[in-house]
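Before any comments, here is the structure.
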Amino acid sequence: MTVASGSADYIGLANAPILWILAMAVMGVVVVQSLIYMTAVKKNAASAGMSQEEVRSAFRAGGVAAIGPSLSVVLVAIALLPLFGTPPVIVRVGLIGSAATEVASASLAAGTMGANLGDETFTRGVFIVALMAMSLSGAGWMISTLILTPIFKRSSHKLEKVNPALMSIIPGAALLAAFAALTFRELPKSPTHVIAVIVSAVVMSICLLLAKTLKQHWLKEWGLGFSLLIGLVAAYFAHYAGLGLPEA
């Protein structure tokens, strides 16, 4: 079953039982890791000056914030299922979450063997090489995180000793910069992208204002979900109103 042959029928290999077992094992680790983190947060909340109600509120806010990115990953994963099979997609896209990176890795690997993704040249042998390329690409991210996280942790401790206020500013500034970079990269693509960003920002601002004025804290938690949903609806109507990407 794992012999690299010239056959273009690689989907049977892509859905091999051993790959299903490995995929479920990887996702099981993710679930267990999440439960460990949640338990640790609940146990150590008091030492950070957080009440259990604030912890639950944070969990709800995080869950709502994850809806939009999770839906986008699911949609991309469904589109990639016929190309790579279910277990590889579960592990690669479900774990790493970057479909563009995975497809690029597979495409480059296939190109080195004179093949193209999805056509008759994409044989079992090419699929194995592409899967290995995607795995090595994802491993680089994980190994870098494993090595650099302790280094950054020591650096953060040193910064806390020099200026404790810095460690309250740097994480927020980093998040703001990351999301700003992602947002501004989309703006030049089409008027639809601009409308989606503006509508989402307005909806989020309204939710935060209402939450503060009416003292309805649940609006802070659900504000991101509302802004994502209404922004998507606005983008849909803007696209079909002729404001989408120009035709090639």
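With the other protein chains left in place, how much accessible area per residue, in square angstrom, belongs to the chain at a 1.4 angstrom probe? It would help to have the intermediate numbers written out before the result.
On the way: 16070 Å² over 248 residues.
That works out to 65 Å² per residue.
So how much slack lies between Leu35 and Trp141, counting 0.36 nm per residue of separation and subtracting their Cα-Cα distance, in nm?
Once the chain is fully extended between Leu35 and Trp141, it gains 35.9 nm.
Just for the Cα atoms in region 12-154, what are the lengths along the principal axes, largest first, rounded to whole Å?
Each principal axis gives a Cα extent; for region 12-154 these are 60, 32, 26 Å.
Quick check: the angle from helix 52-65's long axis to the longest principal axis of the chain, C-alpha only, nearest 10 degrees?
In the chain, helix 52-65 runs at an angle near 40 degrees to the longest axis.
Determine which lysines satisfy two conditions relative to Lys161: a Cα distance under 20 Å, and not lying fewer than 8 residues away in the same chain.
Partners found: Lys153.
With every protein chain in place, what's the accessible area of Ile195 (1.4 Å probe, Å², nearest 10)?
50
With the full set of protein chains in place, find how many percent of the accessible area of the chain is carbon and sulfur; take the probe as 1.4 Å.
Ligands and nucleic acids excluded, carbon and sulfur give 74 percent.
Which angle between 0 and 90 degrees, to the nearest 10, do you get for helix 166-186 versus the longest principal axis of the chain when only C-alpha atoms count?
50
Sorted by packing (mean other beta-carbon atoms within 10 Å per residue), highest first, where do 31-44, 205-218 land?
By packing density, highest mean first, the sequence is 205-218, 31-44.
May I ask for the angle, rounded to the nearest 10°, between helix 218-238 and the longest principal axis of the chain, with both axes built from Cα atoms and the value confined to 0 to 90°?
Between the helix axis and the principal axis of the chain, the angle is about 50 degrees.
Under the classification rounded if a/c is under 1.5, otherwise prolate if a/b is larger than b/c and oblate if not, where does the chain fall, given a ≥ b ≥ c as square roots of the Cα gyration tensor eigenvalues?
Details: a/c = 2.08, a/b = 1.38, b/c = 1.50.
Oblate shape, in that a/c is at least 1.5 and b/c is the bigger or equal ratio.
The values are calculated or read from the model by the stated rules, or taken from the named source; none is laboratory data. Since the structure is predicted, the reported quantities are computational estimates derived from the model, not experimental observations. Reconstructed Cβ throughout: ideal geometry from the backbone, glycine too, with neighbour counts over all protein chains shown. Quick note on the areas: whole protein, heavy atoms, side chains included, nothing else; ligands and nucleic acids left out. Shrake-Rupley method; radii C 1.70, N 1.55, O 1.52, S 1.80 Å.
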